[in-house]
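Asks: Could you have a look at this structure, given as C-alpha cells, before my questions?
The values are calculated or read from the model by the stated rules, or taken from the named source; none is laboratory data. Here the structure is a predicted model, which is why all the values come from computation and not from measurement. All Cβ positions, even for glycine, are placed from backbone atoms using ideal geometry, and neighbour counts span all protein chains on display. With ligands, DNA and RNA removed, areas are computed over all heavy atoms of the protein, side chains included. Shrake-Rupley method; radii C 1.70, N 1.55, O 1.52, S 1.80 Å.
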Amino acid sequence: HLHGKVLLPILGRPYGEALAAGEITLRFNAAGTPVFRYFDHEFPLAIECANSVRSSSLESFAANALGGRERLHALLERQHYRLAWWRCANDEINWRRFFDINELAAVRAEDDQVFEATHAALFRLYAGGLVDGVRIDHIDGLSLPERYCRHLRARLRELEKERPAGCPPGPAYLIVEKILAHEEELPRSWQTDGTTGYDFMDEISALQHDGAGERPLAALWKKISGRAADFKIEEEKSRREILQRSFSSQLEAAIDSLFRIAEGDLKTRDISRSALRRGLTEILAQFSVYRTYAQVGHSTQSDAAFLSRAIAQAKQSCLPSDRWIIDLLGHWLSGERIRPDADALQGIALTRFQQLSAPLSAKAVEDTAFYRYGRLLSRNDVGFDPARLACSADEFHARMQTRRRRFPHALLATATHDHKRGEDVRARLAVLSELADEWSTVLERWLALSAAQFRPGEDPPMPDAADRAILLQTLVGAWPPTLTVTDHASLNDLAKRIAAWLWKALREAKLHTDWLAPNEAYERAANEFVVWLFAASPSLLMEVADFARRISPAGAVNSLGQVLTKLTAPGVPDIYQGTEYWDLSLVDPDNRTPVDFAARQGSLTAGAAPAAEEWTDGRIKQFVISRVLAARKAASALFADGDYLPLQAQGLLADHVFAFARVLQGAAAVTVICRHPARLLDSQQSIAIPKERWQGTCILLPPEIREAEFFDVISGKQRNAGGTNFAVMHILADMPVALLMTRL
C-alpha cells in the first residue's frame with residue numbers, strides 16, 4: 001500500500017479519526033495554491049490533482065459536506081505520500097530519519113548534486129574566510145562516511161585559494177563526531193583531523209576511577225536492583241528491545257535486501273525471511289561498534305575483527321539450528337564479493353545493515369541501557385564503555401602516545417551538549433570507586449530509610465529500589481558544594497532540576513514508563529518521592545548532603561586533574577560553555593541552561609589566584625584554565641607538536657601521582673595531577689593534599705629535561721628538579737595539580 005508513496009507519520013491519532021474529526025482540510029494557501037492542511041502543517045497536492053481542484057469548490061471536500069469526507073480521502077489517496085498516525089512510523093516508515101525522530105529526514109549526501117546544494121552555505125563561509133573548519137555531526141548516519149569526508153576535504157582544499165589574505169594558512173580543520181568502541185580507531189584514510197573528543201572524555205574518566213571498586217559496586221547494584229551486574233547483559237537486552245520497538249521498519253528493509261540476495265542463488269533460495277530475521281537480530285544484538293564501513297569487494301581488518309566477534313557471539317546466543325545462517329550473513333556483510341551478479345544487491349544490503357546498526361547502538365545503549373544500569377553513573381556517558389570501570393596509568397599513557405602519533409589535533413572534550421552528567425558530576429562520582437565498601441553501606445541505609453515512605457494499598461506506592469538508588473547517586477554527584485539544607489530557595493531549585501531529570505531518565509530507561517506509553521501513576525509516584533525527599537525527609541536529605549560535601553573536595557581534585565590533562569595532552573582542548581566553573585549539570589536540557597557570563601568575566605578580570613581553601617565556588621577551576629591557556633598560547637608549538645613522554649613515580653604514594661611531559665626542541669611542559677585522592681585529603685576545607693603525605697614520593701625525569709629550570713604555571717613558583725626527579729611534596733604543596741614549564 002506504500003508502493004511509490006512516502007509515508008508521513010505526523011497525525012496525532014489514527015488517520016480515520018483525524019479525517020472524521022475534520023482535522024485534515026483542503027485550503028488555498030497565501031499564493032493561491034491548493035494544499036492539505038493539518039493544524040499548522042501544509043502538504044502540497046500532486047500537479048494533476050492541483051489543476052483539477054482549482055476548478056472545484058473547496059467546500060465539497062469539507063468533512064461536514066455530503067460526501068465531503070469521502071472525496072477528501074479519495075484525493076489524499078492520489079498523492080505521492082500517505083498521511084498516517086505517528087505511531088506507525090517505527091513499523092512502516094520507508095525513508096531514513098535521524099535515529100527515531102520523524103521530524104528529521106536524512107538527505108542523500110552521497111549524491112553529488114545533493115552534496116553541493118546542502119553544502120553551498122558552508123563553502124561560501126569557508127571561501128570568505130568566515131570559518132576555518134567544520135565539525136561533522138553524526139558521521140555514521142551517512143551511507144559512505146569515508147567517501148563523504150574525502151569529498152569534503154577535496155572541496156575545501158579547492159576553496160583555499162579563494163580565501164582572503166590573512167586567513168589561517170594550511171588545510172581546513174575537519175573533525176567528525178564519531179563514537180569509538182574501546183578497541184576501535186578512526187581511519188586515517190578519511191582525511192580528517194580526528195574526532196570531536198568523546199573518546200578522550202572516556203579515557204580521562206576511566207583514568208580517574210579506581211578499578212578496585214569494580215566488584216563491590218557491581219555486587220551492590222545486583223543486590224539492589226535485581227538486574228545484571230554485567231553491563232553487556234543489560235546492553236544486549238536493550239538492543240533486542242529497541243530493535244523491535246523503534247527500528248522494525250529498518251530491520252525489515254535490511255531483511256528484504258538480504259532475501260533478494262538469497263533468492264538469486266539456487267544454493268540459498270530456500271532461506272526464509274524469518275530465518276534471516278532471526279539471524280540478523282542476533283548479530284545486531286551482539287554488535288560492539290556503531291557500524292562497519294565495508295563495501296562490496298573492500299573490507300578492513302578492523303571491520304573484520306568486530307564483525308567476527310559479533311558472529312561468534314551470535315552463534316552462541318542463537319538457536320543451534322540457525323548457526324549456519326549466522327555464518328552466511330557474516331560472509332555477506334563482510335564486504336567479500338558474493339558473486340559477480342549480486343554486487344548491486346549486496347551493496348544495498350551492506351548500506352542498510354550499516355545504517356541500522358549505528359542508530360540502534362545510539363538508542364539502545366546511550367538512550368536506554370545507560371539509564372537502566374546504575375553500578376556507577378560516572379561511567380555511563382556518551383562514548384563511554386560502562387563495562388570498563390577504570391584504566392591504568394600505563395594504558396592512558398599508551399593511548400595518548402597513539403593520539404599524538406595518529407591524530408595530534410583531534411578535539412579533547414570533557415563536556416558536550418549531549419553529556420548525561422556534567423564533567424564535575426562525573427569527577428565527583430568517580431570518588432565512589434575509591435570508597436566502594438563505604439558507599440555500599442551508605443546507599444543501603446538510605447534505601448532502607450526511604451522504604452519507610454512505602455504506603456500500602458497504593459499502586460505503585462513509590463519508585464523501585466533501582467530507580468531510588470540511581471536518584472540518590474545522582475543527587476550525591478550534583479549537590480552544589482555550598483548548598484545547605486536550610487537554604488530553601490536553592491534547595492527548591494535543585495529539587496526542580498532533579499525531578500525534571502528523573503522524569504526524563506525514567507522514560508529513557510523504558511522499564512516502568514516511556515515516551516510512547518507514559519505510565520502516569522509511576523511518574524507521579526517518582527515525583528512525589530522527590531518532593532518527600534526534599535520537603536518531608538530532613539534527616540535523609542541531610543545525610544545525602546553531608547556525604548556529598550564530604551567527597552566533594554576529592555571530586556574537585558579529580559576535576560582539576562581532568563581539566564589540566566585536557567589542556568595539556570596531545571590535541572585541541574574543547575571547553576563547553578559554562579564549565580569554567582564547576583559543571584554540576586545533568587542531561588539536556590539541564591546542560592543547556594543560560595550561562596552567567598558576567599560572573600565568569602568578573603572573576604577572570606579580577607585575576608587573583610584562589611587558595612586551595614577557596615575551591616567551592618569554582619573560581620579555582622577557571623583560574624587553572626586561564627593560566628594554562630595563556631601558557632599554551634605562549635608555547636603553541638610545544639603543545640601542538642611536542643612529543644608525549646610518560647613519567648613514572650616512585651614512593652609510597654606513587655599510584656596517586658600521574659604525570660607526563662610534552663617536549664619539543666629543548667622546551668618542556670610537565671603535567672602533574674593527584675590521582676585517587678579520597679584517602680589523602682585531611683578535611684573538607686582544602687583540596688590541597690597535606691605536604692607530609694607526599695614524603696618520599698617523587699617523579700622520575702627523562703635525561704632530556706633533568707637539567708632544565710621549571711616554574712609552575714599555576715602557582716607561579718620556581719620548581720627545579722632535584723637531580724633526576726621532582727619531589728611531589730614540593731610540586732603539589734599548594735595545589736593538587738601543577739604544570740611545570742621551562743622558561744622560554
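Asks: Suppose every Lys and Arg Cβ carries +1 and every Asp and Glu Cβ carries -1, with no other charges. What dipole size does the range 592-734 come out with about its Cα centre, to the nearest 20 debye?
Replies: Once rounded to the nearest 20, the dipole reads 300 debye.
Asks: Describe numerically, in nm with one decimal, the distance between label points set 7 Å from Cα along Cα→Cβ at Lys232 and at Asp265.
Replies: A separation of 3.0 nm, rounded to one decimal place.
Asks: Let me ask another. Starting from the Cα gyration tensor of the range 380-483, take the square roots of the eigenvalues, sort them a ≥ b ≥ c, and report rounded, prolate or oblate (rounded when a/c is under 1.5, otherwise prolate if a/b is larger than b/c, else oblate).
Replies: Judged from the Cα gyration tensor, the range 380-483 comes out prolate (a/c at least 1.5, a/b above b/c).
Asks: Using only protein heavy atoms and a 1.4 Å probe, report how much of Ser552 is accessible, in Å² to the nearest 10.
Replies: We get 10 Å² for Ser552.
Asks: Which value, in Å², gives the accessible area per residue of the range 129-173 when a 1.4 Å probe is used on the protein heavy atoms?
Replies: 54
Asks: Would you kindly derive the ³J(HN,Hα) couplings of the range 562-574 from the backbone phi angles with the Karplus curve 6.51 cos²θ - 1.76 cosθ + 1.60 (θ = phi - 60°), listing them in order in whole Hz, with x for Gly and Pro?
Replies: 5, 6, 5, 4, 4, 6, 10, 6, x, x, 10, x, 10
Asks: Along the charge dipole of the chain, Cβ charges K/R +1 and D/E -1, which of Ser308, Pro646, Gly602 sits furthest on the positive end?
Replies: Among Ser308, Pro646, Gly602, the one farthest towards the positive end of the dipole of the chain is Ser308.
Asks: Extension gain Gln684-Asn29, at 0.36 nm per residue separation less the Cα-Cα distance, in nm?
Replies: Extra length from Gln684 to Asn29 when fully extended: 229.2 nm.
Asks: Given a Förster radius of 45 Å and the C-beta distance between Glu162 and Lys633 as r, what FRET efficiency does 1/(1 + (r/R0)^6) yield to the nearest 0.05?
Replies: According to the calculation, E is roughly 0.95.
Asks: Can you send over the solvent-accessible area of Met729, 1.4 Å probe, protein chains only, in Å² to the nearest 10?
Replies: Probe radius 1.4 Å; accessible area of Met729 about 40 Å².
Asks: Please list, in chain and number order, the residues 5+ apart from Tyr173 or on another chain whose amide H is under 5 Å from its amide H, with Hs placed from the backbone.
Replies: Excluding prolines and chain starts, which carry no amide H, the hits are Gly133, Val134.
Asks: What is the helix-to-structure angle for 488-509, meaning the angle in degrees between its Cα long axis and the longest Cα principal axis of the chain, kept from 0 to 90 and rounded to the nearest 10?
Replies: For helix 488-509, the angle is close to 50 degrees.
Asks: Can I ask one more? When a/c reaches 1.5 or more, the comparison of a/b and b/c decides; with that in mind, is the range 174-228 rounded, prolate or oblate per its Cα gyration tensor?
Replies: Cα axes put the range 174-228 in the prolate bin.
Asks: Which loop-located chymotrypsin sites (Phe, Trp or Tyr not before Pro) does the range 1-83 contain, where loop means any DSSP state but H, G, I, E or B and the Cβ has at most 15 other Cβ atoms within 10 Å?
Replies: Those that pass, being in a loop and sparsely packed, are Phe39.
Asks: Convert each backbone phi in the range 144-150 into a coupling constant with the Karplus relation 6.51 cos²θ - 1.76 cosθ + 1.60 (shift: θ = phi - 60°), then list the ³J(HN,Hα) values in order as whole Hz, x for Gly and Pro.
Replies: Along the range 144-150, the couplings run 10, x, 5, 4, 4, 5, 5 Hz.
Asks: Using amide H atoms built 1.01 Å from N in the peptide plane, name the residues 5+ places from Glu614, or on other chains, whose amide H lies under 5 Å from its own.
Replies: none
Asks: Out of all DSSP beta bridges with both ends in the chain, state the antiparallel percent to the nearest 5.
Replies: 75
Asks: Moving on to the next point. Can you tell which of Phe660, Ser361, Pro408 lies farthest toward the positive end of the dipole of the chain, using +1 and -1 charges on the Cβ of basic and acidic side chains (Lys, Arg; Asp, Glu)?
Replies: Pro408
Asks: Gap in Å between the Cα centre of the range 500-543 and the Cα centre of the range 257-321?
Replies: Between the Cα centre of the range 257-321 and that of the range 500-543, the gap is 40 Å.
Asks: Also, I was wondering about something else. Under a crude label model (7 Å from the Cα following the beta-carbon direction), how far is Leu449 from Met542 in nanometres?
Replies: Distance between the two pseudo-spin positions: 0.9 nm.
Asks: A further question follows. Just to confirm my numbers, what's the Cα centroid distance between the range 379-456 and the range 58-78 in Å?
Replies: Result: 58 Å between the Cα centres.
Asks: Apply 1/(1 + (r/R0)^6) to the Cβ-Cβ distance of His1 and Ala121, taking R0 = 41 Å, and write down the FRET efficiency to the nearest 0.05.
Replies: Efficiency, rounded to the nearest 0.05: 0.60.
Asks: Tell me, how many Å apart are the Cα centres for the range 121-187 and for the range 631-683?
Replies: 32
Asks: Before I look further, what does the range 608-697 give for accessible area per residue, probe 1.4 Å, in whole square angstrom?
Replies: 42
Asks: Pop out the ³J(HN,Hα) list for the range 390-406 in order, Karplus 6.51 cos²θ - 1.76 cosθ + 1.60 with θ = phi - 60°, rounded to Hz; leave Gly and Pro as x.
Replies: In residue order, the calculated couplings are 9, 9, 7, 4, 4, 5, 4, 4, 4, 5, 5, 5, 5, 4, 4, 7, 9 Hz.
Asks: Also, I was wondering about something else. Would you work out the charge dipole size for the range 568-649 about its Cα centre, treating the Cβ of every Lys and Arg as +1 and the Cβ of every Asp and Glu as -1, and quote it to the nearest 20 debye?
Replies: Approximately 280 debye in magnitude.
Asks: Return a whole-number percent for the relative contact order of the chain, with Cα pairs under 8 Å and 6 or more residues apart as the contact set.
Replies: Here the relative contact order equals 11 percent.
Asks: What's the carbon and sulfur percent of the range 24-129's accessible surface, probe 1.4 angstrom, rounded to a whole number?
Replies: The computed percentage sits at 56.
Asks: According to a simple spin-label model (label point 7 Å from Cα along Cα-to-Cβ), what is the distance in nm between His73 and Ala181?
Replies: The modelled label-to-label distance comes out at 5.0 nm.
Asks: If the only charges are +1 at each Lys and Arg Cβ and -1 at each Asp and Glu Cβ, what is the size of the charge dipole of the chain around the Cα centre, to the nearest 20 debye?
Replies: For this selection, approximately 660 debye.
Asks: While we're looking at this one, here's another question. Along the Cα-to-C-beta direction of Arg388, a point sits 7 Å from the Cα; which residues of the range 401-425 have their amide N less than 13 Å from that point?
Replies: none
Asks: Given R₀ = 41 Å, what would the calculated FRET efficiency be for Gln577 paired with Trp532, taking r from the Cβ atoms and rounding to 0.05?
Replies: 0.70
Asks: Hey, another quick one. Excluding ligands, DNA and RNA, what is the solvent-accessible area per residue of the range 246-352 at a probe of 1.4 Å, expressed in Å²?
Replies: Per residue, the range 246-352 has 45 Å² of solvent-accessible surface.
Asks: Measure nothing but the geometry: give the 0 to 90° angle between the long axis through the Cα atoms of 343-361 and the longest principal axis through the Cα atoms of the chain, rounded to 10°.
Replies: It works out to around 50 degrees.
Asks: Also, I was wondering about something else. Ignoring ligands, DNA and RNA, what percent of the 1.4 Å accessible area of the range 475-529 is carbon and sulfur?
Replies: Accessible surface attributable to carbon and sulfur in the range 475-529 totals 56 percent.
Asks: Here's a follow-up. Between Met542, Ile325, Tyr148, whose Cα lies farthest towards the positive end of the dipole of the chain when Lys and Arg beta carbons carry +1 and Asp and Glu beta carbons carry -1, centred on the Cα centre?
Replies: Comparing the listed Cα positions along the dipole, Tyr148 ranks first.
Asks: At a probe size of 1.4 Å, how large is the accessible area of Thr441, to the nearest 10 Å²?
Replies: 100
Asks: What percentage of the solvent-accessible surface of the range 317-391, computed with a 1.4 Å probe over protein heavy atoms, is contributed by carbon and sulfur atoms?
Replies: The nonpolar share, carbon plus sulfur, comes to 57 percent.
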